[in-house]
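Engineer: Below is a structure I'd like to ask you about.
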Amino acid sequence: MPLPTGDTIGILADNLKIRNSVLPISAGSATRWARGLGLPRGGETVIYTGLMYQLIPYITSMNKAQGMIEDTPLADFARVGRFVNRFVNISSLMAIPQSAMQERFDGILVNIARLLRQAGVEPGYMYEDDLYSGALVYDLGMDDVLEEHARKVYRNLKNYGVKNLITVDPHTTNMLRSVYPALIKGYDLNVKSYMEVLAERHAWALRSLEDEVVIHDSCVYARYENVVNEQRTLLTGAGVTVREPADAGRFTLCCGGPAESLYPKKAVAAAERRVEQLKAAGSKVVTMCPICLVNLQKAAHNQINIEDISVYLARAYCPE
């Protein structure tokens, strides 16, 4: 049988209420990427991760476990799991990340911090107070849970004196720039993606990569946040020829990510459709969303090379 939708959503909602994240991870794991970078705590301008890149290795492990029990009698135990999870974080028992994946996704955040510094931006960081945005509960329609969490995140940011947020992924950007203002009266934070910041500052490449890539646009960036041109400008400035697949820009095809938590197999099928389009355009692909990156890579089965855009940008714009 399929995973019980109500109980699966309920576990995510309970986690957010009790533990501030749909999939709680330790502060050490969440902030490990920043070690040695000397990022000041807080400040008027901060780099805000919303834990998206840090969570992906854990979510991947969790979804693998879900996929194994989906359409089996074991799926029914989700109802018991929700009750137990209110007292014991069972997510941590099911989500054991691969260290290599953790290092890769931490490295993406390091790339972004280096790119900002190279462009003359010295952001702070909130470390253990860099809270999850609530993107998944928003996608699943849990408005009451989301509003309470959004207010908690906003109070936290105001307590730090933050005025400007530089986000690192499309989902956190959308939540903090478009969703929160509709929920919180008087919301006054300025939110920009790091790619928007780099483009506005006319970041100058230190070297030309002389490469070509197929670009996979994030649905959220392209359709809701109008972040379409910045990534192309930055890649072109890095000496990269951008190849456009079928369904690009605002008409980009979904990676399957929104269905991952509830319907792992359907998510894979959607990702496989997108991989076929990307593969037809070239063998190297760039993404700008951690969910897109992991879903497409799973579906690609090593037929194409898929990297986060920050990997290419760091090679071109940052000192070696």
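The values are calculated or read from the model by the stated rules, or taken from the named source; none is laboratory data. Since the structure is predicted, the reported quantities are computational estimates derived from the model, not experimental observations. Cβ atoms come from the backbone with ideal geometry, glycine included; neighbour counts cover every protein chain shown.
Engineer: Looking only at region 229-267, how many residues end up being assigned to a helix (DSSP H, G or I) and modelled with pLDDT under 95?
Structural biologist: The total comes to 10.
Engineer: Within region 147-191, which residues are farther than 19 Å from Pro290 by Cβ and not in a helix (DSSP H, G or I)?
Structural biologist: Answer for region 147-191, where residues must be farther than 19 Å from Pro290 by Cβ and not in a helix (DSSP H, G or I): Tyr160, Gly161, Val162, Lys163, Asn164, Ile184, Lys185, Gly186, Tyr187, Asp188, Leu189, Asn190.
Engineer: Here is a follow-up. On the given criteria, is Gln102 modelled with pLDDT under 85, within 21 Å of the chain's Cα centre (by Cα) and either surrounded by 21 or more Cβ atoms within 10 Å (Cβ to Cβ) or in a helix (DSSP H, G or I) (or both)?
Structural biologist: So Gln102 fails the test.
Engineer: Consider only pairs whose beta carbons are under 7 Å apart and that are at least six residues apart or on different chains; among these, list those whose first residue lies in region 18-39 and is within 14 Å of Asp129 (Cα to Cα) and whose second residue is assigned to a loop (DSSP other than H, G, I, E, B) and at pLDDT below 95.
Structural biologist: Partner pairs satisfying both residue conditions: Arg19/Asn89; Asn20/Leu131; Asn20/Tyr132; Ser21/Leu51; Ser21/Tyr132; Pro24/Asn89; Ala30/Leu51.
Engineer: Check off (1) over 24 Å from Val311 (Cα atoms); (2) assigned to a loop (DSSP other than H, G, I, E, B) for Asn226 and give me the number that stays unchecked.
Structural biologist: (1)
Engineer: Taking the condition of being crowded, with 17+ Cβ neighbours inside 10 Å and outside any loop (DSSP other than H, G, I, E, B), how many residues in region 294-306 meet it?
Structural biologist: Qualifying residue count for the region: 8.
Engineer: What is the residue count in region 206-226 for residues that are of a type outside the set (Asp, Glu) and in contact with a strand residue (DSSP E or B) (Cβ under 6 Å, 6 or more places away or on another chain)?
Structural biologist: Counting residues in region 206-226 that are of a type outside the set (Asp, Glu) and in contact with a strand residue (DSSP E or B) (Cβ under 6 Å, 6 or more places away or on another chain) gives 5.
Engineer: Regarding Gly141, is this residue modelled with pLDDT of 95 or more, in a loop (DSSP other than H, G, I, E, B) and more than 18 Å from the chain's Cα centre (by Cα)?
Structural biologist: Against the criterion (modelled with pLDDT of 95 or more, in a loop (DSSP other than H, G, I, E, B) and more than 18 Å from the chain's Cα centre (by Cα)), Gly141 does not qualify.
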